[in-house]
Amino acid sequence: MITGFIVTKLSAKFLGPQGIALIGNLRDLQKLVTNFGTGGLEKAIIKYGAEYKEDDENLKSFYSTILLSSASLMLVIMGFSFYFAEDINHYIFQQRNYTYIIQIFAIILPFHVFNSFLINLLKGFAEFKKVIKIEVASHFLNLGLFIILLFFLDLEGALLNLIILPLVVLIYALYQSRVFLKTVFRIKSLDFSIPLLKNLGQYALMALISSICFPVAYLGIRNYIIENFSESHAGYWDAINRITNYYMIFILSLLNLYILPKLATSKNTSEFRSIAFDFYKKIIPLFVIGLIGVYYFRELLIKVIFSEEFLPTSNLFFWQLWGDFFRVIALVLAYQFHAKRMVIHFIITDVTLALSLYVFSILFLPIMGLEGVSFAHFLAYFIYSIIIFSIFRKVIFIKV
């Protein structure tokens with residue numbers, strides 16, 4: 001958070017709302033392409049790495065399947081991204097010509113993907129000290145590289161930082177993991193497994209739906225704002241998303257580290273209900289107090305995190321915070337989709353949410369101005385929470 005705050009502050013001071021909007025577009029593209037490249041298999045790598053770490057035969061089959069399927073997928077995505085770099089540039093950067101940045105990203109995409117795989121493999125083998133060292137180093141590397149590139153290349157430097165950083169982090173991660181990799185990669189021959197690939201498909205489907213539809217929706221919204229308002233307006237929208245992401249880090253960490261493991265081991269609806277209500281009683285009141293504080297000190301937060309140039313962002317807080325409230329009360333139930341692999345429910349609700357965010361934004365932006373995008377955020381998550389509560393109505397409203 002500290003290094004992220006410094007990067008955000010420097011971006012606001014030297015690049016302004018326009019620069020932050022363009023960085024947001026490239027970041028969403030990076031997420032989209034990298035998620036395609038990994039095949040949505042990050043959680044599967046953690047699960048099967050932990051499960052097979054003492055089983056050489058299955059471990060070899062797992063690695064072979066992952067490596068071959070990912071390599072095939074990456075070749076397609078690299079070729080597509082490089083060949084259509086000009087079209088992608090026009091969609092992401094409009095009149096600016098940063099085609100070479102897209103081409104560089106296409107070339108080094110394998111390093112992005114391998115970096116993601118390596119981190120998740122370390123998690124699966126419970127090598128948490130190495131994970132922590134790499135994660136901490138990545139934040140400081142990001143800060144150092146960002147300052148250097150920003151100083152010499154301005155906006156282009158900030159954009160290049162996003163593309164190059166995973167490669168720099170990978171070099172450090174390989175150094176940290178050199179002994180671990182010698183021990184783990186005991187593959188002398190490839191053993192591709194079709195049945196394992198089918199099992200991995202469940203994880204891939206759930207992860208890809210979520211990791212693709214939201215970057216696509218955000219890219220569409222941001223480009224609509226740029227085309228119909230201005231790059232500065234898109235920067236204001238990105239600013240409030242960055243602010244809300246700061247406090248959502250704590251909620252999502254709590255859900256991932258505390259709630260999800262409990263849900264995964266719960267044996268019946270009574271236990272699920274108890275976990276959900278325990279969260280509502282202990283966490284939601286504190287979260288609401290935090291949201292009220294954020295709203296009343298919003299202008300101070302904007303000045304501290306960004307600058308006075310971003311003060312128009314204050315008009316977006318009311319509906320944005322309401323949307324985050326409904327988002328959190330729904331998420332604790334929606335995590336049951338992950339815990340119990342409720343694939344169909346997960347796909348339907350995530351696609352509905354992403355589509356709602358985009359459609360409502362396009363509908364309300366012309367009516368309400370920029371405030372329409374935060375109202376769309378509220379409305380989409382309000383409907384999402386109703387759908388989630390409808391799915392789990394028997395668990396929540398009927399005591400078993």
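For the chain, what does -39500 (n - 2.57) per DSSP helix run (n ≥ 4), summed and divided by total residues, give at 222 nm, in deg cm²/dmol to the nearest 500? Rounded to the nearest 500, the figure is -28500 deg cm²/dmol. Packing, taken as the mean count of other beta carbons within 10 Å per residue, orders the peptides 63-70, 115-122 from highest to lowest as 115-122, 63-70.
Let a ≥ b ≥ c be the square roots of the eigenvalues of the Cα gyration tensor of segment 50-172; is it rounded (a/c under 1.5), or, if not, prolate (a/b larger than b/c) or oblate? If you can, show how the numbers build up before the last one.
Numbers: a/c = 4.16, a/b = 1.48, b/c = 2.81.
Cα axes put segment 50-172 in the oblate bin.
Applying a threshold of 21 Å to the alpha-carbon distances of Lys123/Lys282; Lys123/Lys198; Lys31/Lys303; Lys198/Lys267; Lys31/Lys262; Lys60/Lys198 flags Lys123/Lys282; Lys123/Lys198; Lys31/Lys303; Lys198/Lys267; Lys31/Lys262 as lying beyond it. With no solvent and one point on each alpha carbon, what is the Debye value of log10 I(q)/I(0) for segment 229-397 at q = 0.10, 0.19 Å⁻¹? Listed by q, the Debye log ratios stand at -0.42, -1.24. Taking springs between alpha-carbon atoms closer than 10 angstrom, which of Lys262, Lys281, Lys123 fluctuates most in the Gaussian network model of the chain? Maximum among the listed residues: Lys281. Summary of packing: across the peptides 325-336, 148-159, the per-residue average of other C-beta atoms within 10 Å ranks them, highest first, as 325-336, 148-159.
At a 10 Å Cβ-Cβ cut-off, how would you order Arg298, Arg96, Arg393, fewest neighbours first?
Arg393, Arg96, Arg298
When the square roots of the Cα gyration tensor eigenvalues are ordered a ≥ b ≥ c, the ratio a/c for segment 312-366 is 1.5 or more and a/b does not exceed b/c, which makes its shape oblate. The distance linking segment 22-89 with segment 349-400 is 30 Å (Cα centroid to Cα centroid, whole angstrom).
Radius of gyration over Kirkwood radius for segment 299-400, both on Cα atoms: the Rg/Rh ratio is 1.09. Cβ crowding within 10 Å ranks Ile171, Ile362 as Ile171, Ile362, fewest other Cβ atoms first.
Only aspartates and glutamates eight or more places from Lys394 in sequence, or on another chain, were considered; those with a Cα closer than 14 Å are Glu271.
Every number in this text was worked out from the coordinates using simple rules, so none of it is lab data. Note that the structure is a prediction, hence the values are computed from the model and not measured. Because the Cβ atoms are built from the backbone with ideal geometry, glycine has one as well, and the counts that use them run over all protein chains shown.
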